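Heads up, the thing below is written out as structure tokens.
FYI, it's all coordinate maths here, none of it is from the lab. From a predicted model like this one, the values you see are computed outputs, not experimental measurements. As a convention, Cβ positions derive from the backbone with ideal geometry for all residues, glycine included, and neighbour counts pool all protein chains shown.
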Amino acid sequence: MNYIESVKQYTGNDVESIFFRPMLTGPGAQELGVRILYNMPMPTIVQLWDGERLALKKFTSNGWTGGKAATKYQKKIPMERVKAELGFSAADYFTLVYEQISARSDINMEDLNGTILEQAETELFKQSIAENLRVTMWIGDTTLSAGYNSFNGFLPSLKSAVDDESINYQTYSAEQLENPEEVVKLFDNLWQAADQRLQSARSEGQLAIFCTSDIYYLYEKYLDSMGVDSSFRATVEGHPALTYHGIPIIDVRLGHYLPQTTLHQSFCLLTDRRNLVMAVNTADMPGNEVRMWYNPDEMENRQRAVFMAGCEILDEEMLCYAYCE
């Protein structure tokens, strides 16, 4: 076998069940760290309720004493039609797919059928789509003429909000990042400056600190410096998951991408995970599909996915942001 030439096209339920739902639910969604809305009706609208604060009253007589109805707020998630396309030379593509297959222990390499090859091709494309969704979710900017411009991400919104002074934000200097102890002060300042509603939501277990890799590494160095046995083990074995006073620390892993932008190169963000929303829709727009085929003229294997995607910060008051000047 030298080439992978069979055409594969997925539409409707196949796009959902084979490609997108596995990577946008369960462990796939947890890796993104934010709230995922998949195939919600279009337009995608999140309902926010502010219930009656004084709901418990004395029972003194019959009749209704519930007061006014609960206030409902809506936030529309802006959705953009996007496509993901990849092209590989036929020989390179077969090598990539063959590597996916050879890593499996349940495969007879002398008897590769179409289903096995299809699964390997699918997995290869899914990995690329998932990574591009993750990166665009943070740095996407539709005003750009090239690059990650398919839909708007969180960081351009945060940068605009900082410029408008419409969010709670702080700054820190590059010199502070030279001292591991400064990272604890940084996290504590975020907590002290956070809205009381955000602090109160801590008991729900959904708060997180999203940060760039330099902040994450600085916190690791701080923990390594603690003179206890657990610090020694962590220095040797690594830190599988970091928390600050029970709040998870999440490395956004954008070090390879941020230098190509004008966004803040170093930052940390305290918020409720549910406040950061990414929506993906593969059902409500005609023409949404996933296709993989071989182009004999170019001797190239090609992959294409067409779907809808977008993200939004629901409540800018429910976050506290810090960035390096």
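List of remarks:
- Under 13 Å, Cβ to Cβ, from C268 - net charge with Lys/Arg +1 and Asp/Glu -1: -3
- Burial order of peptide ranges 173-186, 257-270 (average beta-carbon count within 10 Å, highest first): 257-270, 173-186
- Compared with the direct C-alpha span, the chain from D195 to E317 gains 43.2 nm at full extension, assuming 0.36 nm per residue.
- Counted charge near F20, where neighbours are those whose Cβ lies closer than 11 Å (Asp, Glu -1; Lys, Arg +1): 0
- Here the simple spin-label model places points 7 Å from the Cα toward Cβ, and for T243 and A146 these points are separated by 4.5 nm.
- Local charge for Y257 was computed over the other residues whose Cβ lies under 15 Å away, with Lys and Arg +1 and Asp and Glu -1, and equals -1.
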